[in-house]
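Right, one structure below, let's go through it.
Values quoted throughout were computed directly from the atomic coordinates according to the rules given, and no laboratory measurement underlies them. As the structure is a prediction and not an experimental result, all values here were calculated from the model. When we count neighbours, we look across all protein chains shown, and the Cβ atoms used for this are built from the backbone with ideal geometry, even at glycine.
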Amino acid sequence: MVSIRDMPKEELLLPGHAACPGCGAMIALRYALKALGKRTIMCVPACCTSVIQGLYPHTSIAVPVLNIAFAAAASTASGISAGLKARNVEDVTVLAWAGDGGTYDIGIQALSGAAERGDDIIYACYDNNAYGNTGIQRSGATPYGAWTTTTPTGKKEHRKPLELIMLEHNIPYVATACSAFPDDLYMKFKKARKIKGPRFILILSPCPIAWRFPSWSTVEIGKLAVKSGAWVLWEYHNGKLEFTGWSKLIAEGKLKKIPVIEYLKHQGRFKPILKDEKAINEIERRINDYWKFMKALKEALK
Amino acid sequence: MVKDHIILPVSKPTEGSMGKTGLWRTFRPVINYDKCVKCLLCWFYCPDIAIKIRDDGYPEIDYCYCKGCGICWHECKVKAISFVREGEEVG
Ligand SMILES: Cc1ncc(C[n+]2csc(CCOP(=O)(O)OP(=O)(O)O)c2C)c(N)n1
Ligand code: SF4
Ligand code: SF4
Ligand SMILES: [Mg+2]
């Protein structure tokens, strides 16, 4: 693990961007760029980040960025990667950076294609659990029970386990991360950078606006997500699966998982189900199932 | 005349691409340097890159761009940062 003191001080995300105060996605982008460095080309589809960049003729992102159509993050990245290959450029990382709407729902076809073709790209999805930029509509990433403008009584379905779908594509690197753990996230991007082929990183990015919590709680909420087991930090590389950070401690029995209600109760979006015991049990059941599956998978891949 | 090239709008990396975002602030984080232990947790978590590290190793808030989210105040382990309403003094 890298300490705060050893973290590179160069910033490729510049101050004065347009994100809401306390935006978890920007903590993630800041550290992803620290890890990948200047020799990076980004493709950003329609999402909060495309607004956060700022207004023409200025941008807050100090690497080349292509702004592209909603469904096209992975296919654009594939094209750039092919172009670099044709020119024999080998030291540039191609990063597709998209939201959960643009990945779980709208971009999955292009992403799946890039993975199947073995294209040399990193695809990072910052997952704020909703279509944030257009005012909080439900997505395939929105968790069970969460309010959005299109699920006013709480979402009735669980989220799609996109990270497992990507793992099943048999690509060299898949990881989950969380904005509350920038050091863990940094290490994962650093590692991914050195690997060839399709790499996928899914980042839980607490959003004060969509999740309804005060802007100062972004890091705390992300920590509670991991501590409650609702979000699991892991990494798949060389055919092996490892839990990381606090999730590793939980898996080894060194850290006790807290009840999920401790994570849910600080977020206004779970108000519709907070007093509904059946719904809370359903969320706990899903968390336990996910953990059971991941532990069995780790054993099977040993 | 036939155009043989495409003109694309290109933005240049600039601090303050959305202006002085410090103007958005309603609450202001203030570092008490008598308490600060230079752990840099505030610098580490700031989503707005609004904390600089001084030559002497202490963090310094750039009020031009700090949006006053309060993450630095909330995460500081030694309570060296206070969070006050804009226009009011540190109490
Ligand atoms: C084809 C198309 N449909 C709809 C939109 C409108 N739109 C722009 S951003 C956005 C939400 C994106 O959500 P997500 O991918 O989760 O990113 P976030 O805004 O949450 O960062 C939508 C619906 C669009 N730009 N293009
Ligand atoms: S809506 Fe959420 S994810 Fe989007 S910029 Fe605001 S805080 Fe960040
Ligand atoms: S209040 Fe928020 S934006 Fe301002 S310095 Fe602290 S963490 Fe950064
Ligand atoms: Mg989103």
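Going 7 Å from the Cα of A:Ile4 toward and past its Cβ, which residues in the range B:13-51 have a backbone nitrogen under 16 Å from where you end up? Counting only backbone N, you get B:30-51.
Taking GluC sites (Glu not before Pro) across the range A:106-203, the ones in a DSSP loop with at most 14 further Cβ atoms lying within 10 angstrom of their Cβ are A:Glu157, A:Glu168. What the Cβ-Cβ distance of B:Lys12 and A:Asp183 gives, at R0 = 35 Å and to the nearest 0.05, is a FRET efficiency of 0.70. Judged by the ratio a/c of the largest to the smallest principal axis of the C-alpha gyration tensor, the range A:185-302 counts as oblate, that ratio being 1.5 or greater while a/b is no larger than b/c. For the range A:216-232, 3J(HN,Hα) computed residue by residue from phi via the Karplus equation (6.51, -1.76, 1.60; θ = phi - 60°) reads 7, 8, 3, 6, 4, 5, x, 5, 5, 4, 6, 5, 8, x, 5, 10, 10 Hz, glycine and proline entered as x. Taking a ≥ b ≥ c as the square roots of the eigenvalues of the alpha carbon gyration tensor, the protein assembly as shown is rounded, as a/c is under 1.5. Using a cutoff of 8 angstrom between alpha carbon atoms and counting only pairs six or more residues apart, the relative contact order for chain B works out to 36 percent. Within the same chain, lysines fewer than 8 places from B:Lys20 are excluded, and of the rest, those with a Cα less than 19 Å from its Cα are B:Lys12, B:Lys52, B:Lys67. Computed over chain A with a Gaussian network model linking Cα atoms closer than 10 Å, the most mobile of A:Met166, A:Met187, A:Met42 is A:Met187. A Förster distance of 45 Å, applied to the separation of the beta-carbon atoms of A:Glu252 and B:Val37, puts the FRET efficiency at 0.90.
When both the range A:104-130 and the range A:1-38 are represented by their alpha-carbon centers, they are found 22 Å apart.
Normalised by the number of residues in the range A:1-87, the mean separation of alpha-carbon contacts (under 8 Å, six or more apart) gives a relative contact order of 31 percent. Working from label points 7 Å from Cα in the Cα-to-Cβ sense, the A:Lys302 to A:Asn281 distance is 3.4 nm.
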